[in-house]
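Please read the structure below before turning to the comments.
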Amino acid sequence: MAFLIPLLSHAQASDNTLISTNIGLDLAYIKRELSMPYKSNRVNIDGNKYFFKNASNATLVLSEEETPVNVITNYNLLEQTFDVFDGDETLKLLPDKIQKVVFPDKQFVSIDNKFYEAIEINENFSLLADTYLEIYFPDYTPGIQDKPDPKYRKKNSVFLYYKDRFNYVERRKSFLISMFNKNMAKEINTFMKKNKLSPRDNDELKSLFNEFHSFLNR
């Protein structure tokens, strides 16, 4: 896939720095056309709120331009957006201007103005993950314990994007079987047992849909 080839050279960068050369599309173009400044309205929580431990190089495949552009970015799980850092300013990438955000070992796609992690994308269907952070307050005893700071936990929802529709996928064997033609239930059940398929494993989950996609309920 040609768009995986870096188009811009980069120096070492921290989480809060984006460095690009003058070759091709640069930060000025990203700021002008592909992003907008924003300030988070979320409560401050200790810990990493990003998908990756550190911001890293990614290739943006654009909606209206043939030439991709490289950027250092990270997916903000709280804000559900890609952050790009320019000194003290934080920008967010616009999903309506970007088709894909491609990292060396992960790929995100933009559908209906939102980014999703791509588990599997082919001409028949797309299997997508929506990963986010859920804020919660730990239990405590008022008057005895101080009120604890809010914490967060990573959550993950899976969707099958099929015939231009999102279908929520429960990671349960009976639910998965119900997504296909009922006449295939026995064969699908056999396939899952034979391959010791775990609905919790993304690679194994996509193997099920790759094998039986032609029998999906319309």
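Every number in this text was worked out from the coordinates using simple rules, so none of it is lab data. Small disclaimer: the values here were computed from a predicted structure and weren't measured. As a convention, Cβ positions derive from the backbone with ideal geometry for all residues, glycine included, and neighbour counts pool all protein chains shown.
From the cross-link list LYS97/LYS155; LYS31/LYS154; LYS100/LYS154; LYS163/LYS193; LYS154/LYS193; LYS49/LYS193, which pairs have alpha carbons spaced over 32 Å apart?
LYS49/LYS193
Taking LYS53 as the anchor, which aspartates and glutamates have their alpha carbon closer than 15 Å to its alpha carbon, excluding any fewer than eight residues away along the same chain?
ASP15, ASP83, ASP105
Of MET36, MET192, how do they rank once you tally other Cβ atoms within 10 Å and put the fewest first? Provide the component values of the computation, followed by the final result.
Values: MET36 10, MET192 19.
In order of increasing Cβ crowding within 10 Å: MET36, MET192.
Toward the positive end of the charge dipole of region 125-218, about the Cα centre and with charges on Cβ (Lys, Arg +1; Asp, Glu -1), which of LEU197, LEU160, TYR136 goes farthest?
LEU197
Given labels modelled 7 Å from the Cα in the Cβ direction, how far is it in nm from LYS147 to SER214?
Going from the LYS147 label point to the SER214 one covers 6.0 nm.
Quick one: compute a quarter of the convex hull surface over the Cα atoms of region 73-212 and quote it in nm².
Seen from a random direction, the Cα hull of region 73-212 projects 12.8 nm² on average.
Provide the packing ranking of 134-142, 208-216, i.e. peptides ordered by the mean count of other C-beta atoms within 10 Å per residue, highest first. Please list the in-between numbers first.
Details: 134-142: 9.3, 208-216: 16.3.
Ranked from most to least packed, the peptides come out as 208-216, 134-142.
Return the inverse of the average 1/r over all pairs of distinct C-alpha atoms in region 171-218, which is the Kirkwood hydrodynamic radius, in Å to one decimal.
10.5
When you count, for each residue, the other Cβ atoms within 10 Å and take the mean per peptide, how do 78-90, 169-181 rank with the highest first?
Put in order of decreasing packing, that is 78-90, 169-181.
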